[in-house]
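Encoded as structure tokens, the structure appears first; notes follow it.
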Amino acid sequence: MWDPDLFHETLHFAAAAHEGQFVPGQNYSYVVHLIGVCMEALRAASIEPADSNLIMQCALLHDTMEDTPITLHILSDRFGQEVAEGVLALTHQEEEPISEHLKKIAMQKKEIWMVKLADRIWNMNAPPDHWEQDKRKAYREEAKVILETLKRGSPYLAARLSDKIYAYGRFINV
């Protein structure tokens, strides 16, 4: 079971790191995304054996190195090496091919796989209005690669992502 005090500490750190950021294309705080990913992943951890504290912390912190000035060193000092390395693996560099990004994740514990699956599940809701059809199609295809690569990490999340990929078709006229 995850530790509520650790959740509180991690959430406050993540909220401070992402202060002033909004979900792209929306008018609400980016923290909503972090909590959504966290809850999705923790749901899986309640069904399948997993380290729920590692999942919770990596889910709440998964975009800190990508979208804020937070460094690996800061995360390691505050939350430990295991969490910091999980967040580092989840950090997708813009120029990095998805295959390379997924290789980094695949070298981690399944809990990190679960966070990546939960993140994509959350992101498979309505795309930003400004995305063209080609971007929407590419995003859906990328989700299929994520699913195929990481599905062994969580049968529950794999099924959820598969359903989301199918449902995403409504946004690309499939």
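Annotations for the structure displayed:
- Note on region 91-130: among residues that are part of a loop (DSSP other than H, G, I, E, B) and acidic (Asp, Glu), the one that is modelled with the highest pLDDT is GLU96.
- As a summary of the residue check, GLY80 satisfies the conditions (1) at positive phi; (2) touching a helix residue (DSSP H, G or I) at 6+ places or on another chain (Cβ under 6 Å); (3) of a type outside the set (Val, Ile, Thr) except for the one numbered (2).
- Tally of residues being more than 18 Å from the chain's Cα centre (by Cα) and either within 15 Å of ASN123 (Cβ to Cβ) or in a helix (DSSP H, G or I) (or both) across region 151-174: 6
- For region 15-38, the candidate set comprises residues that are exposed (fewer than 14 other Cβ atoms within 10 Å of the Cβ) and at pLDDT 95 or above; within that set, the residue that is nearest to PRO128 (Cα to Cα) is VAL32.
- Residue check, VAL37 within 21 Å of ALA143 (Cα to Cα) and in contact with an Asp or Glu (Cβ under 7 Å, 6 or more places away or on another chain): yes
- Within region 30-50, being under 15 Å from LEU60 (Cβ atoms) and free of Cβ contacts under 8 Å to residues at least 12 places away in the same chain holds for VAL32, MET39.
- Options ALA118, ALA126; residue that is among the hydrophobic types (A, V, I, L, M, F, W, C) and either more than 22 Å from LEU54 (Cβ to Cβ) or surrounded by fewer than 16 Cβ atoms within 10 Å (Cβ to Cβ) (or both): ALA126
- Qualifying residue in region 72-79 (condition: among the acidic types (Asp, Glu), within 25 Å of THR10 (Cβ to Cβ) and surrounded by fewer than 18 Cβ atoms within 10 Å (Cβ to Cβ)): yes
The values are calculated or read from the model by the stated rules, or taken from the named source; none is laboratory data. Just so we're clear, the structure is a prediction, and the values are computed from it rather than from any experiment. Cβ atoms come from the backbone with ideal geometry, glycine included; neighbour counts cover every protein chain shown.
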